[in-house]
Amino acid sequence: MYMGMPPQLSAEERNAALEKAKHSRQVRSVVKVRVKSGELSLADVFKLADTDPIVGKMRVAELLAALSGVGKIRANLIMERLNISSTRRIQGLGKHQIAALISEFVPSISRGKLVVLSGPGGVGKSTIAAYVRKHKSFWVSVSSTTRKPRPNEKNGVDYFFLTDQEFDEEIARNHFLEWAHFAGSRYGTPREPVERVLASGANVLLEIEIEGAKQVKAQTPEAILVFLEPPSWEELVSRLEKRATDSEQRRAERLALAQEELAAASFFDHRLVNDQVENVVKKLLSLASAH
Ligand code: 5GP
């Protein structure tokens with residue numbers, strides 16, 4: 001017999017092998033049915049896989065696709081995002097990958113709410129965000145941007161200030177939940193902290209411009225999109241005029257853009273008029289608990 005040839009099996013041995021394969025298929029299909037019905041959670045299956053090699057040899061993609069509401073396509077997307085190869089078997093998963101998969105599928109009741117606050121530049125989104133930051137039930141995301149810091153802004157607090165090259169790298173690594181161009185710079189929401197906080201059960205607020213808000217909704221339909229409107233157009237103009245840190249040309253650009261942005265309001269789940277900060281904050285908090 002040459003090396004590498006399959007072993008010669010007697011009829012009896014062949015039957016035994018076929019029986020074994022059939023048994024494995026049956027075990028895996030029972031696991032899938034129990035996962036689909038919600039009887040077994042992902043964590044339960046990972047525990048089973050520790051002691052049962054048949055479960056351990058199951059492909060991760062097959063397991064995820066069995067979860068109710070998760071098809072093959074979504075299973076593949078999730079695995080790609082978590083850097084798990086599409087042919088990986090459960091027994092080949094690392095500790096971090098297991099933890100990431102489990103937190104991805106924490107039942108939606110205990111997951112935090114993702115609230116996206118958007119609206120025209122100058123309407124006062126960042127003031128609202130600063131107030132929301134004081135509430136324990138909310139975590140406010142810190143964005144990355146290629147814009148230069150303003151005099152009193154701190155790296156890691158107001159934004160992560162990145163070079164164009166660094167921003168490109170973050171895009172290439174799929175590190176942004178969304179990103180968009182705004183007034184000559186790029187802005188993006190780092191994905192990982194948002195997912196970590198949501199999985200822990202706390203709510204997350206993103207204060208971002210409109211294109212980014214649309215991207216979030218496309219990826220995460222359960223996100224709550226809130227459009228902040230100025231009490232009046234005149235009020236918005238006067239707020240933008242007061243922005244001393246902007247140059248004349250920048251102010252004009254922002255005004256033209258704000259006009260376009262106001263037209264996007266209908267895309268949002270909720271519209272709030274920014275009459276009084278406390279009022280808006282109260283409504284935002286109650287939206288998150290009502291949904
Ligand atoms: P500013 O330069 O005045 O701080 O922000 C300009 C605009 O960028 C604001 O409308 C702000 O909401 C938006 N923005 C801030 N961070 C992000 C982000 O991560 N993604 C997107 N799409 N927009 C952002």
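The values are calculated or read from the model by the stated rules, or taken from the named source; none is laboratory data. The structure presented is a predicted model; accordingly, all values stated were derived computationally and were not measured. Neighbour counts are summed over all protein chains in view; Cβ atoms, including those assigned to glycine, are modelled from backbone coordinates with ideal geometry. Quick note on the areas: whole protein, heavy atoms, side chains included, nothing else; ligands and nucleic acids left out. Shrake-Rupley method; radii C 1.70, N 1.55, O 1.52, S 1.80 Å.
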On the full set of protein chains, 1.4 Å probe, figure out the accessible area of Glu39 and give it in Å² to the nearest 10. 110 Å²
Of His96, His175, His270, which has the most accessible area and how do the rest follow, probe 1.4 Å? His96, His175, His270
Which whole-number value in Å³ per residue fits the convex hull of the alpha carbons of the chain? 168 Å³
Environment charge at Val140 (Cβ cut-off 10 Å; Lys +1, Arg +1, Asp -1, Glu -1): +1
In Å, the Kirkwood hydrodynamic radius from C-alpha pairs for the range 138-194 sits at 11.5 Å
Express the carbon and sulfur contribution to the solvent-accessible surface of the chain as a percent, rounded to the nearest whole number, probe 1.4 angstrom. 54 percent
One-quarter of the Cα convex hull surface for the range 170-291, in nm²? 8.7 nm²
Here the gain from full extension of Ala263 to Arg196, 0.36 nm per residue of separation minus their alpha-carbon distance, amounts to 20.8 nm
Give, as a single signed number, the net charge of other residues whose beta carbon lies under 12 Å from the beta carbon of Leu82, with Lys and Arg counted +1 and Asp and Glu -1. -1
Once all Cα-Cα distances of the range 84-196 are split into 10 Å bins that start at 0, what whole-number percent is in each one? 11, 35, 32, 17, 5, 0
Asserting the computed 222 nm helical MRE of the chain (DSSP H runs at least 4 long, -39500 (n - 2.57) per run, divided by residue count, to nearest 500) equals -14500 deg cm²/dmol
With a 1.4 Å probe and all protein chains in place, put Tyr159, Tyr131 in order of accessible area, largest first. Tyr131, Tyr159
Compactness ratio of the range 17-105: Cα Rg over 2.2 N^0.38 Å, N = residue count? 1.02
Can you pull the one-decimal nm distance between simple spin-label points at Asp44 and Val237, each 7 Å off the Cα toward Cβ? 6.3 nm
For the chain, the charge dipole (Cβ of Lys, Arg +1; Cβ of Asp, Glu -1; about the Cα centre) points to a positive end, and the Cα of Phe160, Val204, Ser126 closest to that extreme belongs to Val204
The answer for Lys113, listing residues at least 5 apart or on another chain whose modeled amide H is closer than 5 Å to its amide H, is Asn203, Val204
Under a 1.4 Å probe, counting only protein heavy atoms, Ile84 has an accessible area in Å², nearest 10, of 10 Å²
The chain: antiparallel bridges as % of DSSP beta bridges, rounded to 5, reads 35 percent
Within 10 Å, count the other beta carbons around each residue, average over each peptide in 194-205, 113-124, 24-35, and list them highest first. 113-124, 194-205, 24-35
Quick one: putting +1 on the C-beta of Lys and Arg, -1 on the C-beta of Asp and Glu, what dipole do you get for the chain around its Cα centre, in Debye to the nearest 20? 960 debye
Distant-in-sequence amide H partners of Gly119 (H built 1.01 Å from N, under 5 Å): Ile210, Leu228
With Cβ to Cβ distances under 11 Å as the rule, what net charge do the other residues near Tyr187 carry (K, R +1; D, E -1)? -2
Along the positive direction of the dipole of the chain (beta-carbon charges: Lys, Arg +1; Asp, Glu -1; about the Cα centre), which of Pro149, Ser41, Gln215 reaches farthest? Ser41
Simple spin-label estimate for Glu19/Arg250, 7 Å along Cα→Cβ, in nm, reads 7.8 nm
